[in-house]
Amino acid sequence: MTHHTDRIALVTGASRGIGQAIATRLAALETTVIVHFGTDRAGAAATVEGIERGGGAAFAVRAELGVEGDVEALFEGVEAVLAGRPLDILVNNAAAAPAGPLGVTTQADFDRLFAVNVRAPYFITERALPLLRDGGRIISISSAATRMANASQTSFAMTKAAVETMTKTLANQLGPRGITVNAVSPGATRTPTNGAVFEVPGLAEQIIGMTALDRLGEPDDVADVVAFLASDSARWITGQTLDASGGLFLGPRV
């Protein structure tokens, strides 16, 4: 088994879905991956196992995000893996799911969304900066929900808009260190976790009907864009949000 140690990446929320795909894709590019998970220990173990089976190197680190002491808990594990080596790539992927429309979302739901989707990536990034090498990469997962009006996702879309603003301002701040900061916005992406959502009669067809490329997204569609932004090929791209939604809701399709 070959252990790749050329680069080290931290991917939050990498036990399943898009995060798992990102971790797996980066590992295939000679990157040691720190697989963060909150509750799904089995999923994180499966991510690590899959990476090792492919000849890569990965380590699982647990920390529940959105609670007191979350960043400290995460970086205790991260620094143990780094063992003094620098971090090359930070992927802020972990997120709480949409909580519902105005009038349904409770204050507790709202606070949890912002704690996991905004506060956590903000302070994780702050904590990662001294460990991140000059020329490193910060990539956050946003959502196509920020560019369209969807009443059922108001609070969720607000959190992702905050992430996009953070991306732009951090890119400007960290440019002198050669660190690029970008975001990726998936659209409707079918994962093992949310698969049941798309079983609602007619929903998948409705979304596909609004998508230029005429299908639902897969985790690998997003992971490939993240891998590009993490590569040297994207060295001149910073402060951007790349839409990786297959052209969801671009306008009328006639």
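Looking at region 227-246, which of its residues are more than 20 Å from R147 (Cα to Cα) and either surrounded by fewer than 14 Cβ atoms within 10 Å (Cβ to Cβ) or not aromatic (F, W, Y) (or both)?
Result: A227, L229, A230, S231, D232, S233, A234, R235, W236, I237.
Look at T39 and say whether it is part of a loop (DSSP other than H, G, I, E, B) and either more than 14 Å from the chain's Cα centre (by Cα) or of a type in the set (S, T, N, Q) (or both). I'd like the intermediate steps shown before the answer.
Values: part of a loop (DSSP other than H, G, I, E, B): yes; either more than 14 Å from the chain's Cα centre (by Cα) or of a type in the set (S, T, N, Q) (or both): yes.
For T39, the condition - part of a loop (DSSP other than H, G, I, E, B) and either more than 14 Å from the chain's Cα centre (by Cα) or of a type in the set (S, T, N, Q) (or both) - is met.
Of the residues N172, N150, which is more than 16 Å from the chain's Cα centre (by Cα) and over 30 Å from V71 (Cβ atoms)?
Details: N172 fails: over 30 Å from V71 (Cβ atoms).
Step by step, each of N172, N150 is checked, and only N150 is more than 16 Å from the chain's Cα centre (by Cα) and over 30 Å from V71 (Cβ atoms).
Sort through T189, T180, T165 and tell me the only one that's surrounded by fewer than 20 Cβ atoms within 10 Å (Cβ to Cβ), among the polar types (S, T, N, Q) and under 21 Å from the mean Cα position of the chain (by Cα).
T165
Rundown of residues vs (1) in contact (Cβ under 8 Å) with a residue 40 or more places away in the chain; (2) closer than 18 Å to A73 by Cα, yes/no style:
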site	(1), (2)
P86	yes, no
A108	no, no
L113	yes, no
Y122	yes, yes
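Determine the pairs where a residue that is on the phi > 0 side of the Ramachandran plot and touching a residue at least 24 places away in the same chain (Cβ under 8 Å), located within region 41-58, has a partner that is in a loop (DSSP other than H, G, I, E, B) and surrounded by fewer than 23 Cβ atoms within 10 Å (Cβ to Cβ) with Cβ atoms under 6 Å apart, the partner being 6 or more residues away or on another chain.
Going by the 6 Å Cβ cut-off, the qualifying pairs are G55/M1; G55/T2.
Against the definition (of a type in the set (A, V, I, L, M) and in contact with a Leu (Cβ under 8 Å, 6 or more places away or on another chain)), how does A108 come out, yes or no?
Numbers: of a type in the set (A, V, I, L, M): yes; in contact with a Leu (Cβ under 8 Å, 6 or more places away or on another chain): no.
When the stated conditions are applied, A108 does not pass them.
Give the residues of region 184-213 that are touching an Asp or Glu at 6+ places or on another chain (Cβ under 7 Å) and more than 28 Å from G43 (Cα to Cα), sorted by residue number.
I208
Hey, among A42, A60, which residue is surrounded by fewer than 14 Cβ atoms within 10 Å (Cβ to Cβ), within 26 Å of N117 (Cβ to Cβ) and of a type outside the set (D, E, K, R)?
Details: A60 fails: surrounded by fewer than 14 Cβ atoms within 10 Å (Cβ to Cβ).
Exactly one of A42, A60 is surrounded by fewer than 14 Cβ atoms within 10 Å (Cβ to Cβ), within 26 Å of N117 (Cβ to Cβ) and of a type outside the set (D, E, K, R), namely A42.
For region 157-212, enumerate the residues that are touching a helix residue (DSSP H, G or I) at 6+ places or on another chain (Cβ under 9 Å), assigned to a loop (DSSP other than H, G, I, E, B) and farther than 30 Å from R253 by Cβ.
I179
Each value in this text was obtained by applying a stated rule to the coordinates, not by laboratory testing. What you see is a predicted model; the values in this text were computed from it and never measured. Note: ideal-geometry Cβ built from the backbone for every residue, glycine included; neighbour counts use all protein chains shown.
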